[in-house]
1. For region 34-99, what class follows from the C-alpha gyration tensor (a ≥ b ≥ c being the square roots of its eigenvalues): rounded when a/c is under 1.5, otherwise prolate if a/b is larger than b/c, else oblate?
2. Return the single residue from V97, V116, V164 with maximal mean-square fluctuation; model: Gaussian network over the chain, springs between Cα atoms under 10 Å.
3. Over the chain, with a Gaussian network built from C-alpha contacts below 10 Å, which listed residue (G113, G66, G165) shows the highest mean-square fluctuation?
4. Mean separation of Cα pairs under 8 Å and 6+ residues apart, divided by the residue count of the chain: what relative contact order is that in percent?
5. Which percent of the accessible area of the chain is formed by carbon and sulfur heavy atoms (probe 1.4 angstrom)?
6. Just F146, F106, F163 to compare: in a GNM of the chain, with alpha carbon springs under 10 Å, which one fluctuates most?
7. Taking the Cα centre of region 56-163 as origin, sum charge times position over the Cβ atoms of Lys and Arg (+1) and Asp and Glu (-1), and report the length of that vector in debye to the nearest 20.
8. With a sphere of radius 14 Å drawn around the Cβ of L99, what net charge do the other residues whose Cβ falls strictly inside it have (Lys, Arg +1; Asp, Glu -1)?
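The values are calculated or read from the model by the stated rules, or taken from the named source; none is laboratory data. These numbers come from a predicted model, not from an experiment. Heads up, the Cβs are rebuilt from the backbone with ideal geometry, glycines too, and the neighbour counts pull from every protein chain shown. When the accessible area is computed, the model is the full protein with side chains, heavy atoms only, and any ligands, DNA or RNA have been set aside. Shrake-Rupley method; radii C 1.70, N 1.55, O 1.52, S 1.80 Å.
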Amino acid sequence: MIVVAGGSSTRFGGDKLMAEVAGKPLITHTIETVAETVDVCVVACRHELVDEMARLHPGVVVTPGGDTRTASELAGLRALETESDLIGIHDAARPAVSLELVHRLFEMAEAHGGAVPVLAPDGPLLDRRSGRPLEELRFAQTPQVFRGPDLRDAYARAIDARFVGHDTVEVMHRFGHLEIVAVPGDAGNVKVTYPADLERVRRALSDPSGI
């Protein structure tokens with residue numbers, strides 16, 4: 001699993017990854033959860049956090065991330081010293097991901113090629129030009145899991161094309177050739193973007209059924 005932690009936390013107004021949640025830095029919750037489900041965990045973080053991440057998490061591989069999400073994901077892939085049959089990529093700012101969801105995504109990716117957790121929007125989404133409802137749209141979460149060799153090949157082509165994606169599945173749709181299945185996501189798998197999100201994460205970590 002590659003944990004992407006290269007963002008600048010601009011909208012948060014501070015370093016959200018090091019914000020204390022339930023007695024630990026937010027990113028520590030993320031790493032501890034996913035690391036116990038996989039053979040290797042790689043953290044691609046900002047340069048100034050590399051030494052601290054290595055000190056806090058001696059059992060994981062820590063590497064400097066890049067200037068974009070895609071570049072950070074590629075840095076994580078390059079830090080994997082051996083080939084992996086399946087590779088997941090996860091937002092460091094999603095500390096309340098459940099073990100059940102992680103296992104389900106790996107199982108589905110093994111069966112089909114790629115798996116992405118999705119949630120339906122809370123309300124209708126409208127086309128801004130026509131005003132008509134947009135049907136069958138879903139919000140993507142992470143982790144997103146894919147067959148390892150195909151993921152590496154797609155990112156090599158994406159970098160050659162100087163493409164910058166919003167998340168992993170966008171890169172795979174453009175440059176990969178795998179079947180990608182949508183897996184029901186988890187409302188408790190909250191991504192921290194703003195300070196107010198921390199309270200939802202605290203509730204999710206203390207009582208996952210309460211979200």
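1. Values: a/c = 1.29, a/b = 1.13, b/c = 1.14.
It comes out rounded by the Cα gyration axes.
2. Of V97, V116, V164, the most mobile in the Gaussian network model is V164.
3. G165
4. 24
5. That fraction is 49 percent.
6. For the chain, modelled as a Gaussian network with Cα springs under 10 Å, the answer is F163.
7. 420
8. Working: positive: R94, R104; negative: E32, E36, E100, E107, D186.
Charge balance near L99 sits at -3.
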